[in-house]
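The values are calculated or read from the model by the stated rules, or taken from the named source; none is laboratory data. Everything numeric in this text was worked out from a predicted model, so none of it was measured. Here the Cβ is made from the backbone with ideal geometry for all residues, glycine too, and neighbour counts use every protein chain on show.
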Ligand code: FES
């Protein structure tokens, strides 16, 4: 969706849904994802439609992703850091999943 | 002197003379001016580096490598340097989620500012608060605007300034306002290819714009604006008189269908950039209890302020575009004016000194107000892009509420946007109405045949940005607050806790 005018000079690596990617040091995560060719970063909580960063300035909340296990981070306000683990968000978070897991683990 | 970088909530002082929210032109100028007086100043800003959106990455970018950003952008360099040399405490990556104004800020009674830095929340106190939260783009709800591949023009400009990246071709820019042409020209200079600009402005020869023309002839924007227009028209395809717009695609934007007086056409697009002007970012001011008023010329709500930025909430002032759109250079001067006013109200600057200074600055600022009326009238968006007629068009992106659903709910008679919210959940998603408030007001006004001024807008409450429960729980609590929740004195509370069975 976005194209780099120059090669990355100071690369930092991160993963998005398990795929290794690179960004320029100090770059915002949302921009890095778009420049890496990612089409959408989440699915909407109501209809499940694909969504991608829209405003890049912290206003629209379309860029919400899970970063290092923390949900709903605004990717346009977050700089990429070496080794960051980024995951897309699929629809509404399953709030009961945690309890189901716990139950399953009980004998 | 240089700014002190604050990277943890604990590194902030417990209290300041002045807390400034936002490090764009108004915030940086306010901090620079205030720190000259020896006042204790903190600047809290959401981004990693100062500049706001207009001067984004101004401290890191160098003209050589990113010449294409243009002369107006590089004007921010001097301000960025002055700010870096001020003695303010500067917290980057800081999210301000609440302002609790003291009811009567007499000695000892201070405003409380809720802020999160690096995952830790903190309440700090301020004798005066300046909100310099800038502007956001006016939402432009057209069919397909939620598809990936659609961004705001501002977003494309931010990506260009901060990362040197351009949208994938073919690119369609659609909407109205000076920023659209500025972006087109920057993208051309940066080397982007295959661009079409669909101009949705209404015809130029309208009475509202013409009667404001004389002021514009003396405006600093005149030559710049015309130059931009001509340059863009020479170099890319510009279609004027666009009166309807639809973004096509299944899972991403693939094309744009648009109509002019000559008929309907469809063009391919990988990236669509929408823009129809900017409006004040009012969420924080509104949640702090500052009253809003409708600005008919700019077609937006803005906080009520006097000429020096004071709101009716004593000690809460607003500077720059967040008090009404005036552009970066007017915002910079406003920042200085408002800082001097705030400090003189607190007795930190002598009255006669501040009066003379404010007078001089106000004369400087006047220059940028000239011709603003013409620009506002010239670029007033078409109504069809303010209140989408098509029932299927999404208005609230977070909760996916369509224009049709809103009209249905409005016909049931809710008195205003706040009640409408409870009917259909529009404005209740994570963006807290930032991307639908303007549209909801416009639709409601049109349905009721009245002015947006009579309809009003969402009432906002803190936190204006999401805060984690763990952050709130981690805040130090006063004994009084602990008693209110637990019903026991903190001492007993502590004792009882140790008695809990393990
Ligand atoms: S892209 Fe809009 S909030 Fe991040």
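For the reader, a short list of remarks on this structure follows.
- Condition check for residue A:55: at the interface with chain B (Cβ under 10 Å from one of its Cβ atoms), outside any loop (DSSP other than H, G, I, E, B) and either surrounded by fewer than 24 Cβ atoms within 10 Å (Cβ to Cβ) or in contact with a strand residue (DSSP E or B) (Cβ under 8 Å, 6 or more places away or on another chain) (or both): no
- Being touching a helix residue (DSSP H, G or I) at 6+ places or on another chain (Cβ under 6 Å), in contact (Cβ under 8 Å) with a residue 40 or more places away in the chain and surrounded by fewer than 23 Cβ atoms within 10 Å (Cβ to Cβ) holds for only one residue in A:29, A:78, and it is A:78.
- Of all residues in the range A:49-67, those that are under 10 Å from the mean Cα position of the chain (by Cα) and more than 9 Å from the ligand (Cβ to nearest atom) total 3.
- Subset of the range A:35-52 [at the interface with chain B (Cβ under 7 Å from one of its Cβ atoms), buried (at least 20 other Cβ atoms within 10 Å of the Cβ) and in contact (Cβ under 8 Å) with a residue 24 or more places away in the chain]: A:35, A:40, A:44, A:52
- Complete set of residues in the range B:174-197 that are within 21 Å of the chain's Cα centre (by Cα) and assigned to a strand (DSSP E or B): B:174, B:175, B:176
- Just one of the listed residues (B:15, B:29, B:9) is more than 14 Å from chain A (Cβ to nearest Cβ), within 29 Å of residue B:358 (Cβ to Cβ) and surrounded by 18 or more Cβ atoms within 10 Å (Cβ to Cβ), and it is B:29.
- Any chance residue B:440 is buried (at least 21 other Cβ atoms within 10 Å of the Cβ) and part of a strand (DSSP E or B): no
- For the range B:88-103, the candidate set comprises residues that are assigned to a loop (DSSP other than H, G, I, E, B) and modelled with pLDDT under 95; within that set, the residue that is nearest to residue B:310 (Cα to Cα) is B:101.
- Residues in the range B:38-69 that are in a loop (DSSP other than H, G, I, E, B), farther than 18 Å from residue B:23 by Cβ and more than 11 Å from every other protein chain (Cβ to nearest Cβ): 4 in all.
- Wholly within the range B:104-153, strands (runs of 3 or more DSSP E) carrying at least 3 residues that are within 18 Å of the chain's Cα centre (by Cα) and more than 11 Å from chain A (Cβ to nearest Cβ): B:120-131
- Residue that is surrounded by the most Cβ atoms within 10 Å (Cβ to Cβ), among those in the range B:315-332 that are in contact with a strand residue (DSSP E or B) (Cβ under 9 Å, 6 or more places away or on another chain) and part of a loop (DSSP other than H, G, I, E, B): B:319
- For residue A:20: the one exception among (1) surrounded by fewer than 19 Cβ atoms within 10 Å (Cβ to Cβ); (2) touching a residue at least 40 places away in the same chain (Cβ under 8 Å): (2)
- If you go through the range A:68-84 and keep only what is more than 10 Å from the ligand (Cβ to nearest atom) and part of a loop (DSSP other than H, G, I, E, B), you end up with A:68, A:69, A:80, A:81, A:82, A:83.
- The listed residues are B:357, B:406, B:343, and the only one of them that is outside the structural domain of residue B:304 (by TED's automatic domain parsing) and crowded, with 22+ Cβ neighbours inside 10 Å turns out to be B:406.
- Residue B:367, sole failed condition from (1) at pLDDT below 95; (2) touching a helix residue (DSSP H, G or I) at 6+ places or on another chain (Cβ under 8 Å): (2)
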